[in-house]
Amino acid sequence: MRAHRPVIRIVDQQIVVRIDLTAADELPPLEVRLPSDRGDLLDPTATAALPVLATLAAARGEDLHIDAPVEPRRLVGARRLAAALAERWGSRAPTIDAADEAGPGTPGSGVGLFFSRGVDSWSTLLDLLAAPEGERVTRLYTVHHSSGPFRPIDAEIFSGHRRVAEALELDIVFLSTTARRLLDPVQPWIQVAAPVLVSAGLTAGADLARLVLSSEGPESTPSGTSTGHDVMTAIGTGAVEVVTGNPSRTRAERVAHVLGDPLARATLQVCWEGLTAGNCGRCLKCQHTLGALVLAGDPDPARGFDHGPDPAIVAGLDPAVVAGPHVPAVQVAMVQPLAADLPPEHEALRRAWADVIARGHGEAAPVRWGDGDPPAPGLAGPPVAVRVAAALRASTGSADHPPAPPLGWRAGAVPLRPALADQARARRATATVADRPVAWAVVEPQIRDGARDGSQAGLALAVQDAHGAGVAYLPGILWAHLDPPVLGPAAVRSLLTRVRARLWWRADGDLDALRLVETIEAGCLPLQVMPTGAAHDLRAALPPPLVDLVVADGDVPGLDLSGPAVAARLAPAVDHVLAGNPEHDLLIGAHGG
């Protein structure tokens, strides 16, 4: 492959640096464009193109001759770059030579940074703004990967970059390059991004002392991408120093860094997969950034995104793209904290990330408490998954656990109790039960397993016929059964604090662990109504203090729901349920002691 001498011309108020390429097959030219009023920045030699040309030679496995003078140190770096990439890609290491040597040029004093408003470049920019004189950033570069005019979306995105530069009183230069037309057919963008960007920046960096490119992750994580240490060391050989920004911070640390700066947080632009000048909120990059914002403590992680963090969207991501065998380690490292460290109140999101990563690794998603046991959501308090995560984190530091026995109160099951910190409040609440004005409530979703559960409404009617007026709240409509109830947990709990007994229907199975615990937390008597045979069998299997919490359907009319009777029936159950705590029980149940 032969690279010809650069030709410089003015086209549509842009300076165009064009290098024609000759090979066995027809190749398009390599072009870099910069604004015509920025000619003072131009390096007119072929030296600036060396990173892209060496990358192309390695990707094609072809020797390269450059029909133009190049700076000797940059040529040495290009040979090292090509050898490193060829070894990584399993291609033949090319021979690279040039027609002549060019002078090293006069080093400048400026510091340039490639800037996209993403997490990595914003975090690096914040570092460089705080750097001492001589190392502080003086110019931002933004690169457009086409020789054609900007699309409206490009113009909108770049306008956002310009507003940031103006706010920070920094110079900004918009460049374009056709390098991807050459490299996309032979290597994915993540493998070639650094040489492409650096070549464009060097073409318009005649006054620079240093050019900074943000890495995808810390140096401690093998990247497997074009910002890897071996690649960047080779690219950095030359009169203009090329360095990796942000070499120490993890992705999560960078997100936290950005969150601490109001301008950075307000202008964050991570979405390059959706056709939007903002953040679509649905692609992989948006969702893992949203998760990282949650992890960093952002009170409004969805700000600036069209959609917030969503377990359903995460569950629908392609596992091979998230954590498949061909995904670079640095990218997998970005999402792993979301599967390990998201707080209990975001347990559904954490589990979604853990599951998609497991599938990407070719593993089955783990079986966990609360994934479908019970299927009903929490109504007066957190769902099972959140309670389990909080308890296990308190005892082990991790929300993960091996497959474990089911939750419940029969022999062999693991009990679910109020958190230790909530038990005193639960006792105070149950002490008021006799004085409450409303005798009963049925508070239960009327949609279960995707179908209308008429048993709950039937139970409410039967209790009303036998005991007079009470409260029935049956949220859910058939065609939207996954939507949350209208009333949140705090409202439902407030409702229940005026009620003496809460009833629900179950056709079979154990005493509903979640309904029992959230009802006692509200100070109510929990009563599970069942068919006569199922109730008989369950009562025989329960500890004595809980037996009276199970009622056969035929016994509902004979229930005594007066204040003193409810208090007497509730007291032994409360003592039994509060005799332990989930931090201990779930640990023992999950890990077998």
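Annotations for the structure displayed:
- Matching residues, the range 570-586, being buried (at least 19 other Cβ atoms within 10 Å of the Cβ) and of a type in the set (A, V, I, L, M, F, W, C): Leu570, Ala573, Val574, Val577, Leu586
- Condition check for Pro382: modelled with pLDDT of 90 or more, in a loop (DSSP other than H, G, I, E, B) and over 19 Å from Ala333 (Cα atoms): yes
- Flag for Val547 being under 24 Å from Asn581 (Cβ atoms) and either polar (S, T, N, Q) or in a helix (DSSP H, G or I) (or both): yes
- Counting only strands (runs of 3 or more DSSP E) that sit completely within the range 1-66, those holding 3 or more residues that are touching a residue at least 12 places away in the same chain (Cβ under 8 Å) and under 43 Å from the mean Cα position of the chain (by Cα) correspond to 14-19, 30-35.
- Restricting the range 462-475 to residues that are at pLDDT 95 or above and assigned to a loop (DSSP other than H, G, I, E, B), the residue that is surrounded by the most Cβ atoms within 10 Å (Cβ to Cβ): Gly470
- Of the residues making up the range 402-461, those that are farther than 23 Å from Pro489 by Cα, under 39 Å from the mean Cα position of the chain (by Cα) and part of a loop (DSSP other than H, G, I, E, B) are Pro402, Pro403, Ala404, Pro405, Pro406, Trp409, Arg410, Gly412, Ala413.
- Among (1) farther than 22 Å from Leu42 by Cα; (2) part of a strand (DSSP E or B); (3) of a type in the set (A, V, I, L, M, F, W, C), the one test that Ala99 misses: (1)
- Flag if Gly408 is on the phi > 0 side of the Ramachandran plot and of a type outside the set (D, E, K, R): yes
- Cross-chain or 6+ apart pairs with Cβ under 8 Å, the range 449-478 first and within 15 Å of Arg506 (Cα to Cα) and assigned by TED's automatic domain parsing to the domain that holds Arg500, then surrounded by 17 or more Cβ atoms within 10 Å (Cβ to Cβ) and at pLDDT below 75: Asp453/Ile447
- Ala590, sole failed condition from (1) in contact with a Ser or Thr (Cβ under 9 Å, 6 or more places away or on another chain); (2) assigned by TED's automatic domain parsing to the domain that holds Arg425; (3) in a helix (DSSP H, G or I): (2)
- Taking the range 133-231 and the helices (runs of 4 or more DSSP H) fully enclosed by it, the elements with 1 or more residues that are under 21 Å from Ala48 (Cβ atoms) and among the aromatic types (Phe, Trp, Tyr) are at 189-203.
- Where a residue in the range 92-116 is within 13 Å of Arg210 (Cα to Cα) and its partner, wherever it lies, is assigned to a loop (DSSP other than H, G, I, E, B), with Cβ under 6 Å and at least six apart: Pro107/Ala239; Gly108/Asp207; Gly110/Thr138; Gly110/Asp207; Val111/Val137; Val111/Thr138; Gly112/Gly205; Leu113/Val137
- Any chance Val255 is crowded, with 17+ Cβ neighbours inside 10 Å, at pLDDT 85 or above and among the aliphatic types (A, V, I, L, M): yes
- Residue list for the range 99-152, restricted to those being under 33 Å from the mean Cα position of the chain (by Cα) and of a type in the set (D, E, K, R): Arg117, Asp120, Asp127, Glu135, Arg136, Arg139, Arg151
The values are calculated or read from the model by the stated rules, or taken from the named source; none is laboratory data. If you're wondering where the values come from, they're calculated on a predicted model, not measured in any experiment. Glycine gets a Cβ as well: all are built from the backbone with ideal geometry, and neighbour counts include every protein chain shown.
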